[in-house]
Amino acid sequence: MLEGNRREFFKAAAVTGAALAASGRVLAADKPARTGRVIGANDRINVAFIGVGGRGYYVAERFRRYGEKHENSCQLVAVCDVYQKRVTAAKENFKVDGTLDYREILARKDVDAVVVATPDHWHARVALAAMEQGKDVYLEKPMCHTIEEVKQLREAVKSKQRVMQVGSQTTSGDQWWKARKALADGMIGPMIMSQGSYHRNSVEGEWNWKIDKEAGPDGKGDNYIDWKTWLGPAPKRAYNADRFFRFRKYWDYSGGIATDLFFHVMAPMNICWPQPEFPRRVVGSGGIYEFKDEREVPDTFHLVAEYKQGFSVVLSSSMANSHHIPGLIRGYQGTLIMVDHGMFEAPTDHITVLPEKEVMTPEYKAKFGEEPIVIKVDENDMMMDHIGNFLDSIRSRQQPRLNVEVAAHAQVAISMAVSSYQQGKVLYFDEKSFKVTDKAPKG
């Protein structure tokens, strides 16, 4: 495949995922995992990779580097993919076992955690199976493909007592946590609107990755692809190389821009806010304006989400233009700029608060002044810190930074935008029933 006492914690799902990560509350399991092992302070965590295409292979390299840099932290023990060439390459490079069948990975008693870097439509299925077998999970973004899967993953993390980190490493950047404190300190007053973007303009950026023409279900040796398994829960169809190698262009396996790019924006936003929020109403719009190829997903996409607390999110993206808009949160008393260059995955060394002078109260002026406030941000290797946070959480049984609760709130908004675009409708979310409808829920 392509391109990862508990009772107290889950007493109230409304408690913020970010606060949980900082609170030190633990995930003490009520019973031992089925194939897990007790990990001592000096034991290396054994990690296996399910999906070692471009992204999975990169993440495996970073896990290996982390293990080499931090003694007794982690080691790679196995890899899996449905494309034999990728299995062979990863086996040789990482000096580990390899297989075409992910179930062999999950059955291994020496595997403590799995990284899931499959196409989106396999994310939840593999993660759920891994947690059933007592494995902790590093699950590449997006967290899953459907809102029903969001519900299933939340329930599984709770019932199976597992650690699950979603692999949007952006959330390990210091700016979101500094922004969170600025909001909590009242530096912008009540939130009005959050905005962000993710723009790029390149051949690979539009997901037209290289196709291996010799590969397929009839391929011999390293050219063999287990197409039937790759399709999995998706509709059955004859092998199509474009769908396999460029899966993000097709609705059956991906949500396009919304799931590939907006997750890097919505997840940090939910960390910044006082608590993660599910949207009340969402609209997705856009179209295929430039790239008239086989793709089904739009090359330009917009998301507008409204929240019951009284604020909105506006996101924009295009695969055909590379200029971003600043990532910021507007409030009645000020504006908090987290990413002035607009690139959510790129480093920054500061965030800025711009006070609203026209409505400034004497109390605000006395506390914060009336000039722009620049807050220093620690620059870090977000990917390495995200891996480290995952491994630390496995040992401590604490929630990781991008845990299932934070990720769930981001995923619901993103998945609703996809459905809104597909259906041409404004959609509403009923949090009580965890259902999406085209009619506003009562209350």
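The values are calculated or read from the model by the stated rules, or taken from the named source; none is laboratory data. Owing to the predicted nature of the structure, the values given are computational and were not obtained by experimental measurement. Neighbour counts are summed over all protein chains in view; Cβ atoms, including those assigned to glycine, are modelled from backbone coordinates with ideal geometry.
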- Cβ-Cβ under 8 Å pairs, at least 6 apart or on other chains, the stretch 362-379 side closer than 11 Å to M187 by Cβ, far side modelled with pLDDT of 95 or more and part of a helix (DSSP H, G or I): I375/K178; I375/A182
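Condition (residue is of a type outside the set (G, A, S), assigned to a helix (DSSP H, G or I) and closer than 24 Å to D112 by Cα) applied to the stretch 393-400: is it met by at least one residue? Break it down into steps so the answer makes sense when it comes.
Filtering the stretch 393-400 down to residues of a type outside the set (G, A, S) leaves 394-395, 397-400.
If we keep only those that are assigned to a helix (DSSP H, G or I) too, we end up with 394-395.
Now narrow it down to the ones that are closer than 24 Å to D112 by Cα: 394-395.
So far as the stretch 393-400 goes, yes, one or more of its residues are of a type outside the set (G, A, S), assigned to a helix (DSSP H, G or I) and closer than 24 Å to D112 by Cα.
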- Task: For the stretch 412-443, name all the residues that are part of a helix (DSSP H, G or I) and surrounded by 13 or more Cβ atoms within 10 Å (Cβ to Cβ).
- Result: V412, A413, I414, S415, M416, A417, V418, S419, S420, Y421, Q422
- Pick out the one residue from E104, E71, E61, E140 that is of a type in the set (D, E), over 21 Å from R397 (Cβ atoms) and more than 26 Å from the chain's Cα centre (by Cα). E71
- Query: Could you list, in sequence order, the residues of the stretch 108-123 that are more than 12 Å from the chain's Cα centre (by Cα) and small (G, A, S)?
  - Reply: A113
- Note on the structure: Across the stretch 191-218, the tally of residues that are in a strand (DSSP E or B) and over 25 Å from the mean Cα position of the chain (by Cα) stands at 1
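crowded, with 22+ Cβ neighbours inside 10 Å and assigned by TED's automatic domain parsing to the domain that holds V38: does that describe V137? Step through it out loud before you land on a result.
Numbers: crowded, with 22+ Cβ neighbours inside 10 Å: yes; assigned by TED's automatic domain parsing to the domain that holds V38: yes.
Spelling it out, V137 is indeed crowded, with 22+ Cβ neighbours inside 10 Å and assigned by TED's automatic domain parsing to the domain that holds V38.
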- Task: State whether the residues of the stretch 396-408 include one that is within 24 Å of F278 (Cβ to Cβ), in contact with a Ser or Thr (Cβ under 9 Å, 6 or more places away or on another chain) and of a type in the set (D, E, K, R).
- Result: yes
- Item | Residue in the stretch 299-309 that is of a type in the set (G, A, S) and touching a helix residue (DSSP H, G or I) at 6+ places or on another chain (Cβ under 8 Å) present | yes
- Query: Here are some conditions: (1) within 21 Å of the chain's Cα centre (by Cα); (2) farther than 23 Å from K292 by Cβ; (3) surrounded by fewer than 20 Cβ atoms within 10 Å (Cβ to Cβ). G221 meets all but one. Which one does it not meet?
  - Reply: (1)
- Query: Does any residue of the stretch 251-267 turn out to be more than 19 Å from the chain's Cα centre (by Cα) and farther than 22 Å from S202 by Cα?
  - Reply: no
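Do we find a residue being assigned to a loop (DSSP other than H, G, I, E, B) and crowded, with 21+ Cβ neighbours inside 10 Å anywhere in the stretch 35-52?
Checking the stretch 35-52: at least one residue is assigned to a loop (DSSP other than H, G, I, E, B) and crowded, with 21+ Cβ neighbours inside 10 Å.
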- Write out, first by first residue and then by second, each pair whose Cβ atoms fall under 6 Å of each other, whose residues are 6+ apart or on separate chains, and whose first residue, in the stretch 44-56, is more than 22 Å from Q84 (Cβ to Cβ) and not assigned by TED's automatic domain parsing to the domain that holds G67 while the second is part of a loop (DSSP other than H, G, I, E, B) and at pLDDT below 95. none
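May I ask you to verify whether G310 is at positive phi and buried (at least 20 other Cβ atoms within 10 Å of the Cβ)?
Numbers: at positive phi: yes; buried (at least 20 other Cβ atoms within 10 Å of the Cβ): no.
When the stated conditions are applied, G310 does not pass them.
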- Query: If you scan the stretch 161-179, which residues turn out to be within 19 Å of the chain's Cα centre (by Cα) and of a type in the set (K, R)?
  - Reply: R162
- Answer yes or no: is there a residue in the stretch 345-355 that is crowded, with 22+ Cβ neighbours inside 10 Å and touching a His at 6+ places or on another chain (Cβ under 9 Å). no
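In the list Q161, Q133, Q84, Q152, which residue meets the criterion of being of a type outside the set (S, T, Y) and at positive phi?
The match here is Q161.
For N93, indicate whether it is at pLDDT 95 or above, in contact with an Asp or Glu (Cβ under 9 Å, 6 or more places away or on another chain), under 28 Å from N42 (Cβ atoms) and surrounded by fewer than 18 Cβ atoms within 10 Å (Cβ to Cβ). Even if it seems obvious, please write down each step before you answer.
Values: at pLDDT 95 or above: yes; in contact with an Asp or Glu (Cβ under 9 Å, 6 or more places away or on another chain): yes; under 28 Å from N42 (Cβ atoms): yes; surrounded by fewer than 18 Cβ atoms within 10 Å (Cβ to Cβ): yes.
Here the answer is yes, as N93 does meet what is asked.
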- Query: Mind checking whether some residue in the stretch 228-241 is of a type in the set (A, V, I, L, M, F, W, C), assigned by TED's automatic domain parsing to the domain that holds N46 and over 20 Å from I387 (Cα atoms)?
  - Reply: no
- Message: I'm told D81 meets every condition in (1) more than 23 Å from the chain's Cα centre (by Cα); (2) closer than 26 Å to P217 by Cα except one. Can you identify the failing condition by its number?
- Response: (1)
